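Data block below; observations after.
The values are calculated or read from the model by the stated rules, or taken from the named source; none is laboratory data. Source: prediction; values computed, not measured. Reconstructed Cβ throughout: ideal geometry from the backbone, glycine too, with neighbour counts over all protein chains shown. Side chains included, ligands, DNA and RNA excluded: accessible areas come from the protein's heavy atoms. Shrake-Rupley method; radii C 1.70, N 1.55, O 1.52, S 1.80 Å.
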Amino acid sequence: MTKEISKTYSPQSIEDKWYSYWLSNKYFHATPDEREPYSIVIPPPNVTGVLHMGHMLNNTIQDVLTRRARMQGKNACWVPGTDHASIATEAKVVQMLRERGIKKSDLSREDFLKYAWEWKEKYGGIILEQLKKLGASCDWDRTRFTMEPSLSEAVIDVFIDLYNKGLIYRELRMVNWDPLGKTALSDEEVIFKDVNSKLYYIKYHLTENSKNEIRNSNHSTSNIQHSTFVVIATTRPETILADAAICVNPNDERFKHLIGKKALVPFINREIEIIADEYVAMDFGTGCLKVTPAHDKNDYDLGKKHGLEVIDILTEEGFLNENAQDERYIGKDRFAVRKQIAIDLEEAGFIVKIEEYKNQVGTSERTGAVIEPRLTLQWWVDMKKFLAKNPEVLDAVMNDEIKFHPANMKNTYKHWIDNIKDWCISRQLWWGQQIPAWYGPNGEFVVAKTAEEAVEKFRILNFEFRISELKQDEDVLDTWFSSWLWPISVFDGFKEEGKEDIKYFYPTNDLVTAPEIMFFWVARMIMAGYEWMGQKPFSNVYYTGIVRDKQRRKMSKSLGNSPDPLDLIAHYGADGVRMGMLICSPAGNDILFDESQVEQGRNFANKIWNAFRLVKGLTIKPDADFAADLLASNKISEQWFNARFNIALAEIEEKCKDYKLSEALMMIYKLIWDDYCAWYLEMIKPVYGEALNQSTYDQTVVFFEKLMLVLHPFMPFITEEIWQELTERKVGESICIAAYPNVETYNYTSLQNAFETIAKIRDLRNSKGISPKEAFEIVIKTTQAELYEPYQFLIKKLANVSSILFNEDAHNYASISVSTDQVFVKLNIEIDAVAETEKINKEIEYLIGFMASVDVKLSNEKFVANAKPELVEKERQKKDDALAKIEVLKQSLASL
RNA sequence: GGAGGCAUAGCUCAGCUGGUUCAGAGCAUCUGCCUUACAAGCAGAGGGUCACAGGUUCGAAUCCUGUUGCCUCCA
């Protein structure tokens, strides 16, 4: 041994060393060539984001897939990049400015964007640097950003294209309004949360006229109350100031006489009519519904139907405006008003009762603000029309042209597609692609790429405007309106020239993402793929789970239960963290993250490291220097492991094909730890101070290399380190681009009985408290000595046995059963004959019972008639084996 | 309210078209070992009426029905 290898594996220096080696050799850079392509586009993280555990899981999986493909000879390309995340980033920039004492409203659009770009240059892309620590084998030369000029241009072109195709329209509609972000949101960006709130029962007095009319009418049947007021129930008492009507069900006997009468809104005494519509549920609340068209989607529809006035009492920040009429509330936040008005109503005697109530409120996915339905002019994509034009969007998923893993996600996808709503794509923000719509002085508009083109388009419509008269739409597009183009735009698929990349790498192979963005992103990429490429964007979608803590809570900053991935890597090494994340995270399942898993990963790395120490530390001599029986025994060991390896490799490939990566990794783990380390290395390891024969050593190194190749996609760093050290490598060689092993033919040698004998002897030693250093003599009673004879050397070595005899007298030995045979062990302590007899009798008893159950089956005519013949044969075999076993046991009894 | 899913060892999960590769794996636990690659280790062991109740079948963890509990998505 030339140099000392440390006893524990220390990943830190090794990881940095190899990552920069990989980068400088450009192993991850891919350009089209004659090989089969393999491509993945990264789900672009927010440009200002930092790496969290979800990213770790997601990107580890992508890296495993990419590295496997690369080693399997494909031209693998994993495209990294970031998303401009309009609302999230803008919110961060606004906050940064506020901390510096600058208000967004005091800035011009241009100045604000200058600050935003500065911020992006400073903090953007940190996350990509962090991914390098994880070992991500992205093609960094291809790093893209959704707001870089060429990608933005694609977004604008796509908008114009869709507009020209009649798939985009502008309309005044009720939208989800985020009062914090001061922008509209799509339905997908609204998260519903359960809240405890109160249901207020509020009196609305009837007008004097109405009261008189009721008194004078013939409605005085017994079930009519002659109240002078109606009672409504609401969870949002502040919105009474925006009420436009009260609505009852026309079939509701309690209120029939009130229809057409008028009531007064408390405090402001606005007269509102009592109208009738079957929409009102008679059994909810009081049966009287206040109608507030400006602040509720359903009320808006109801108001439209009945021609009601829309009274909007909220500002874009969610404060009450002049329309609220009551001085006490104007200019105050809606939640403050809710509290105050409840008190005021109560004092003024308008409150009948207040109940505890559980309901759901929509909140903004990005800012967390409670959503207000708000009537605004927005841009929409007509999704029904879009899907009618592209039926493949649903079909491809349903017929597995695009395969979802796990497959049950298909149902969710279908449900969403079947119930699709139009997509609100305009956002009242500045950070993003500005909508290419141009307005003339009187509100007339055209959609055009530039002001010049807009002038031209207006001219065609017979409007003569100068550029200075035109005003571009203030809004930007939804972030997802750029990310849905990602698999196309990262390969410059919208450009006229330079089509090599898109032709070669599109459609991509795999997409790895979280299930919660199936609608936001996955579905829309599929739409974009068929609309502009006429092809699916990817063939497989792997949905990862959500990373939770041990108590199943989501990892979040506020709970403080999310470890910093970089700290974990620093502690345990990237390989350890990757292994820990993947070892128990089947596709679609949430992963319950616990640091002990990462510890397991680190321990595994250490185990491999020590196997490496052993192999490197061996002294080697030519085969000629060794006895024939030892060489033969080593050959057997080699043959056995070779078989094990190939069997396992076939299974691993099967699992990977099914995207069952955690199961594949578990198999590799056991292959290395149990088969290679615990069995194989122990089998061939020379006794202390002696050498190993050359041919076995060579084979042992080959096995080790193959194991490193198979493990490399999962644990890239340690495998590279060992692979480089196992044998001489040329400059520029790397495991990254080494060929992945293929399943080869093998001779299977069953060491089953030998292994069982070893295990049982060890157990015997253990249970009797005998030191492993004490050697035993054993006698094997069997009719199949060939199952043991060739492996005597192994049995002696691994179980510390001094001599093996076959079918000799074994009086006063301890006995153990191995398969259908009986092995007798000479212990240097007194055998308790009574206890031994009892043990054997128990075994016989069990076998008799077992045989009886087999007999029941075999004597069942229907079983024999219906079951597969080989199954019946198996049952017969079982019976024969049991009989043989009983015979052996009886003999042992006799010899005691 | 609608849709889908899950329930197997203390924990996380495998168990394909029903039948000895059917009750399995890893971790955790327990016992004994510092046996010169590794105590981040070695050698072993114990743990489950496969949620409950029916049904189909010669045979059910597996198929069907219902019940209960949990989760996810949508409204």
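Miscellaneous remarks
- Of all complete DSSP H helices in chain A, those with a Cα span along the helix axis of 30 Å or greater and a mean Kyte-Doolittle hydropathy of -0.5 or more are A:628-657, A:833-859.
- Note on A:Lys670: lysines with a C-alpha under 19 Å away, same-chain residues under 8 apart excluded, are A:Lys607, A:Lys655, A:Lys660, A:Lys706.
- Size of charge dipole - chain A - debye, nearest 20, with Cβ of Lys, Arg +1 and Asp, Glu -1, no other charges: 960 debye
- Charge dipole (Cα centre; +1 on Lys/Arg Cβ, -1 on Asp/Glu Cβ; no other charges) of region A:22-84 amounts to roughly 200 debye.
- Ranking by accessible area, most exposed first, for A:Val490, A:Val687 with a 1.4 Å probe: A:Val687, A:Val490
- Förster radius 25 Å - calculated FRET efficiency between A:Val702 and A:Ala624, Cβ distance, rounded to 0.05: 0.75
- DSSP-defined beta bridges in chain A - what % are antiparallel, rounded to 5: 70 percent
- Percent carbon-and-sulfur accessible area, chain A, ignoring ligands, DNA and RNA, probe 1.4 Å: 50 percent
- Modelled FRET efficiency - R0 45 Å, A:Ser108 with A:Val361, Cβ distances, 0.05 increments: 0.80
- Whole-angstrom gap from region A:839-896 to region A:97-167, using each part's C-alpha centre: 73 Å
- Working value for region A:412-457: equivalent-ellipsoid semi-axes of 32, 13, 11 Å, each the square root of 5 times a Cα gyration tensor eigenvalue, largest first.
- Comparing A:Thr234, A:Pro293, A:Met282 along the charge dipole axis of region A:228-374, the residue lying farthest to the positive side is A:Met282, per the Cβ-charge model.
- When chain A is described by a simple charge dipole with +1 on each Lys and Arg Cβ and -1 on each Asp and Glu Cβ, the residue from A:Pro11, A:Gly135, A:Ile160 located farthest towards its positive end is A:Pro11.
- Summing charges over neighbours of A:Phe145, with a neighbour being any other residue whose Cβ is under 12 Å away from its Cβ, gives 0 when K and R count +1 and D and E count -1.
- Length released on extending from A:Glu861 to A:Thr286, taking residue separation times 0.36 nm less the Cα-Cα span: 200.0 nm
- Shape call, region A:443-518: gyration tensor on alpha carbons, a/c limit 1.5: oblate
- Reachable aspartates and glutamates, given that their alpha-carbon falls under 14 Å from the alpha-carbon of A:Lys103 and they are not under 8 places away in the same chain: A:Glu90, A:Asp111
- Inter-label distance for A:Ile5 and A:Glu148, nm, one decimal - labels placed 7 Å from Cα along Cα-to-Cβ: 4.2 nm
- Inter-label distance for A:Ala894 and A:Glu36, nm, one decimal - labels placed 7 Å from Cα along Cα-to-Cβ: 6.3 nm
- Low-density loop cleavage sites - chymotrypsin sites (Phe, Trp or Tyr not before Pro) in region A:608-703, where at most 14 other Cβ are within 10 Å (DSSP): A:Tyr688
- Cα gyration tensor, region A:289-400 - rounded (a/c under 1.5), prolate or oblate: prolate
- Gap separating the Cα centres of region A:69-92 and region A:476-504, nearest whole Å: 13 Å
- With the cut-off at under 18 Å, measuring from each backbone N in region A:387-409 to a point 7 Å along the Cα-to-Cβ line of A:Asp418 picks out A:387-388, A:391-400, A:407-409.
- Hydrodynamic radius of chain A by the Kirkwood approach over all distinct alpha-carbon pairs: 33.9 Å.
- When the convex hull of its Cα atoms is viewed from all sides, region A:773-896 shows a mean projected area of 8.8 nm².
- The order of A:Tyr788, A:Tyr27 by accessible area, most exposed first and with a 1.4 Å probe, is A:Tyr27, A:Tyr788.
- Zone residues, region A:599-614, relative to A:His571, backbone N less than 11 Å from point 7 Å out along Cα-to-Cβ: A:599
- Mean-position separation - Cα centroids, region A:569-625 and region A:344-374, in angstrom: 54 Å
- Mean separation of Cα pairs under 8 Å and 6 or more residues apart, divided by the residue count, gives chain A a relative contact order of 13 percent.
- Whole-number percent relative contact order across region A:489-605, with pairs defined as alpha carbons under 8 Å at least 6 apart: 23 percent
- Two-decimal ratio, region A:21-80, of alpha-carbon radius of gyration to 2.2 N^0.38 Å: 1.22
- Å² of accessible area per residue within chain A, as computed with a 1.4 Å probe and no ligands counted: 46 Å²
- Cβ-placed point charges (K, R +1; D, E -1), dipole of region A:757-896 about Cα centre in debye, nearest 20: 440 debye
- Across region A:1-159, the relative contact order, built from alpha-carbon pairs under 8 Å that are at least six residues apart, equals 33 percent.
- Lysine pairs meeting the criterion (Cα under 25 Å, 8 or more apart or interchain), as found in region A:115-266: 13
- Solvent accessible area, Å² - A:Tyr740, 1.4 Å probe, full protein context: 20 Å²
- Extension gain, A:Lys332 to A:Ser750, is 142.3 nm, computed as 0.36 nm per intervening residue step minus the present C-alpha separation.
- As a size descriptor, the averaged projected area of the C-alpha convex hull of region A:694-805 was calculated at 10.6 nm².
- Accessible-area value, A:Glu838, 1.4 Å probe, nucleic acids and ligands omitted, Å²: 110 Å²
- Cα gyration tensor category, rounded, prolate or oblate, for region A:593-649 with a/c compared to 1.5: oblate
- Taking Cβ atoms as reference points and 14 Å as the exclusive limit, the residues near A:Ser637 contribute a net charge of 0, counting Lys and Arg as +1 and Asp and Glu as -1.
- Percent of Cα-Cα distances greater than 27 Å, calculated over region A:178-320: 26 percent
- If R0 equals 30 Å, the separation of the Cβ atoms of A:Lys635 and A:Ala884 corresponds to a calculated FRET efficiency of about 0.45.
- Residues A:His306, A:His415, ordered by accessible area of protein heavy atoms at a 1.4 angstrom probe radius and largest first, appear as A:His415, A:His306.
- Rounded accessible area of A:Arg762 (nearest 10 Å², 1.4 Å probe): 100 Å²
- One decimal place: the segment A:Lys389-A:Ala835 gains 152.4 nm when fully extended, by the rule 0.36 nm per residue minus the C-alpha distance.
- Label-point separation, A:Asp187 to A:Asp301 (7 Å along Cα→Cβ), nm: 1.0 nm
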